[in-house]
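**Q** Below is one structure. I have some questions about it.
The values are calculated or read from the model by the stated rules, or taken from the named source; none is laboratory data. Computed from a predicted structure; not experimentally measured. Virtual Cβ from ideal backbone geometry, glycine too; neighbours counted across all protein chains shown.
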Amino acid sequence: MECDYHFVPVGEQSLNIVFPEVIDAEENRLIHTLARVLSNTDVGIVATIPAYHTLTVNFDFLRTNFTSLTNEIEALIKSHPLLKDEEKKHIIELPVCYDEEFGPDLKSVLEYGKITFEDLVKLHTKDPYLIYMMGFMPGFAYMGSVSDKIAMSRLKNPRAKVPAGSVAVAGKQTGMYPIEAPGGWRLLGRTPVKLYDPRHPKPRYNAGDYIKFRAISKNDYYYIQKLDLKGKYQLKELF
């Protein structure tokens, strides 16, 4: 894996593998691949937590320690074939209704980019977005990178409530609110799909996946919403 990195101890049972502090798809792909590889080794690793430019590794201190584990990881990074090969993308299509009812910040983003509504929809649905990391709340995906024309900064005064399913941008990032929560991202639309259900903890997407937004009408929004509530709607997977 050709990338600069260093190790930082985090207490007695964890360490961080720190990469250059950038939002970069290739670097993040390597981090997620390394996380999967390490999770399948028998060197005392308990869990891995990938983020934008770090990988946290929790380990069993009765089986290993910082020095031994970093030596093991370095050897693995230099030799494992998966860390050298390009990985196939797992792309999930997510329907979104771009409408002022669901996207109260549409007008301000249009003015920011000096573009039309049609331009905004095309820009936001054109390419798949890499899920760099999960966080903030269950099911919240930090994705990127959006076009500069819609990369408007977050609100100065966050909303007290953002509806579940809201699709938003904040700078070069885009994401979806899986549950109703406070938030300061710019709301562009909403997906009718339930993104998080505590009764079914298996997520519909994971860090390292890609999300491809598909624009739908209001009629389609309510139709898909009914299907999804009955458990009859499956997200389309593009490979």
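**Q** Kindly indicate the residue of region 33-62 that is more than 20 Å from the chain's Cα centre (by Cα) and among the charged types (D, E, K, R) and also farthest from H90 (Cα to Cα) among those meeting that condition.
**A** D60
**Q** A further question on this structure: In contact with a Lys or Arg (Cβ under 7 Å, 6 or more places away or on another chain) and not small (G, A, S): which single residue out of P104, P95 fits that description?
**A** Working: P104 fails: in contact with a Lys or Arg (Cβ under 7 Å, 6 or more places away or on another chain).
From the options P104, P95, the qualifying one is P95.
**Q** Next question, about the same structure. Specify the residue that is surrounded by the most Cβ atoms within 10 Å (Cβ to Cβ); the eligible residues are those in region 166-188 that are part of a loop (DSSP other than H, G, I, E, B) and free of Cβ contacts under 8 Å to residues at least 60 places away in the same chain.
**A** Restricting to residues being part of a loop (DSSP other than H, G, I, E, B) and free of Cβ contacts under 8 Å to residues at least 60 places away in the same chain, the top hit is Y177.
**Q** Give region 205-223 a look and list any residue that's surrounded by fewer than 18 Cβ atoms within 10 Å (Cβ to Cβ) and not in a helix (DSSP H, G or I), or say none.
**A** Result: N206, K212, R214, A215, S217.
**Q** Can I ask one more? Can you name every residue in region 189-203 that is surrounded by 14 or more Cβ atoms within 10 Å (Cβ to Cβ) and under 17 Å from the mean Cα position of the chain (by Cα)?
**A** If the condition is that a residue be surrounded by 14 or more Cβ atoms within 10 Å (Cβ to Cβ) and under 17 Å from the mean Cα position of the chain (by Cα), then R190, T191, V193, K194, L195, Y196, P203 are the ones that fit.
**Q** Then there's this: So N65 clears everything in (1) within 23 Å of P128 (Cβ to Cβ); (2) not assigned by TED's automatic domain parsing to the domain that holds Y233 except one condition, right? Which one?
**A** (1)
**Q** Does T48 qualify as being free of Cβ contacts under 8 Å to residues at least 24 places away in the same chain, touching a helix residue (DSSP H, G or I) at 6+ places or on another chain (Cβ under 7 Å), surrounded by 17 or more Cβ atoms within 10 Å (Cβ to Cβ) and over 30 Å from Y221 (Cα atoms)?
**A** Yes: the conditions hold for T48.
**Q** Could you list all residues from region 1-44 that are outside any loop (DSSP other than H, G, I, E, B), touching a residue at least 12 places away in the same chain (Cβ under 8 Å), polar (S, T, N, Q) and surrounded by fewer than 19 Cβ atoms within 10 Å (Cβ to Cβ)?
**A** Once the filter is applied, which keeps residues that are outside any loop (DSSP other than H, G, I, E, B), touching a residue at least 12 places away in the same chain (Cβ under 8 Å), polar (S, T, N, Q) and surrounded by fewer than 19 Cβ atoms within 10 Å (Cβ to Cβ), region 1-44 yields S14, N16.
**Q** Any residue that is touching a residue at least 60 places away in the same chain (Cβ under 8 Å), crowded, with 19+ Cβ neighbours inside 10 Å and either among the small types (G, A, S) or not in a strand (DSSP E or B) (or both) - is there at least one of those in region 57-73? Don't jump to the end; show me each part of the working.
**A** The first filter runs over region 57-73 and keeps only residues touching a residue at least 60 places away in the same chain (Cβ under 8 Å), leaving 70, 73.
Keeping just the survivors that are crowded, with 19+ Cβ neighbours inside 10 Å gives 73.
Among the residues that remain, those that are also either among the small types (G, A, S) or not in a strand (DSSP E or B) (or both) are: 73.
Taking every residue of region 57-73 in turn, at least one turns out to be touching a residue at least 60 places away in the same chain (Cβ under 8 Å), crowded, with 19+ Cβ neighbours inside 10 Å and either among the small types (G, A, S) or not in a strand (DSSP E or B) (or both).
**Q** List pairs: first in region 224-239 and touching a residue at least 40 places away in the same chain (Cβ under 8 Å) and part of a helix (DSSP H, G or I), second surrounded by 14 or more Cβ atoms within 10 Å (Cβ to Cβ) and not hydroxyl-bearing (S, T, Y), Cβ under 6 Å, 6+ apart or cross-chain?
**A** I224/P95; I224/P192
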